[in-house]
1. Considering only residues that are touching a Gly at 6+ places or on another chain (Cβ under 8 Å), at pLDDT below 90 and not aliphatic (A, V, I, L, M), which ones fall in the range 56-99?
2. Restricting to the range 169-221, name every residue that is open to solvent by 60 Å² or more (accessible area, probe 1.4 Å), in contact with a Gly (Cβ under 9 Å, 6 or more places away or on another chain) and at pLDDT below 90.
3. What's the number of the only condition in (1) surrounded by 15 or more Cβ atoms within 10 Å (Cβ to Cβ); (2) closer than 28 Å to R117 by Cα; (3) modelled with pLDDT of 80 or more that Y52 fails to meet?
4. Return the pairs, sorted by first residue and then second, in which the second residue is of a type in the set (A, V, I, L, M) and open to solvent by 60 Å² or more (accessible area, probe 1.4 Å), the first residue lies in the range 139-157 and is closer than 17 Å to A104 by Cα and at pLDDT 70 or above, the beta carbons are less than 8 Å apart, and the residues are 6+ apart or on different chains.
5. Take N165 and tell me if it is at pLDDT 95 or above and within 19 Å of the chain's Cα centre (by Cα).
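The values are calculated or read from the model by the stated rules, or taken from the named source; none is laboratory data. If you're wondering where the values come from, they're calculated on a predicted model, not measured in any experiment. Glycine gets a Cβ as well: all are built from the backbone with ideal geometry, and neighbour counts include every protein chain shown. The protein model used for the area step is the full one, side chains on, heavy atoms only, and it has no ligands, DNA or RNA in it. Shrake-Rupley method; radii C 1.70, N 1.55, O 1.52, S 1.80 Å.
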Amino acid sequence: MYHHKPIGGLLTPSNNFRMKYGAMENWDNGGVWRGHVITLAGIYPDIKIARYANASNKDRWNSDEIFTATIHETAHRQHVKAMNAGYVQFWQVSGQIQESWAVAVEWLLTGMEYKSRGITNYGDQSYNASYLAPNYEHYPHHFGYQYWSLSMNSISDKYTSLFINLVDNYNENGVNTFWNRPTGSVNDNVTGYNLATIESNFLKHCYGLSSLSTQLKANKPTGVTDQQIDNLLSSY
């Protein structure tokens, strides 16, 4: 999909740049990561995707989780491509911007894929991925990755809903309509941005929240105010 199908205007991986995808049985680094990007001499990316969380308990990932992890890791490679100086510039970008961007891309593309397969609300705020543990928010298709908050996030402040909230038109602040789900705390009155436009026009200028704020205000859609942008970014 990422290489050969329409992906909402996002950049596609170039055919003249070597990439390697690897399917693994287990992910044995002491954690439960599904995907990982490594580089050879800082140049060629190897993307590894595991079927099980680890070797001991054989906690199997669902097919859409494997798919979305592959999209996420490929999005990191494309983020590098969007930067003027490649890896030299990419490694100056904060972990929060790096990971939040990849989360948003996987949310968008996985949603496109599974909606086309008949799950019309896949990746929306109403979609309850019931096979996930309650309040487990790592996957962006679970409730559309709304209701993220730093106070309850178990994997650091990097994997946020920031770029998703620039695109969607749903404000989760104060909303709690599903069982065993936290009340939304991000004040998201921002909508109308487009991931493809961000990637093409100003992602290369975003290193942290400050520079992101500058770029968002300089390129804001009609109806979005600087104060709304400030309110949204204050949650991250």
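1. In the first step, residues of the range 56-99 are kept if they are touching a Gly at 6+ places or on another chain (Cβ under 8 Å); the result is 69-70, 72-73, 80, 87, 93-94, 96-97.
Filter once more, keeping what is at pLDDT below 90: 69-70, 73, 80, 87.
T70, E73, Y87 - these are the residues of the range 56-99 that are touching a Gly at 6+ places or on another chain (Cβ under 8 Å), at pLDDT below 90 and not aliphatic (A, V, I, L, M).
2. N176, T183, S185
3. Here Y52 clears every test but (3).
4. D157/L150
5. Working: at pLDDT 95 or above: yes; within 19 Å of the chain's Cα centre (by Cα): yes.
Answer is yes for this residue.
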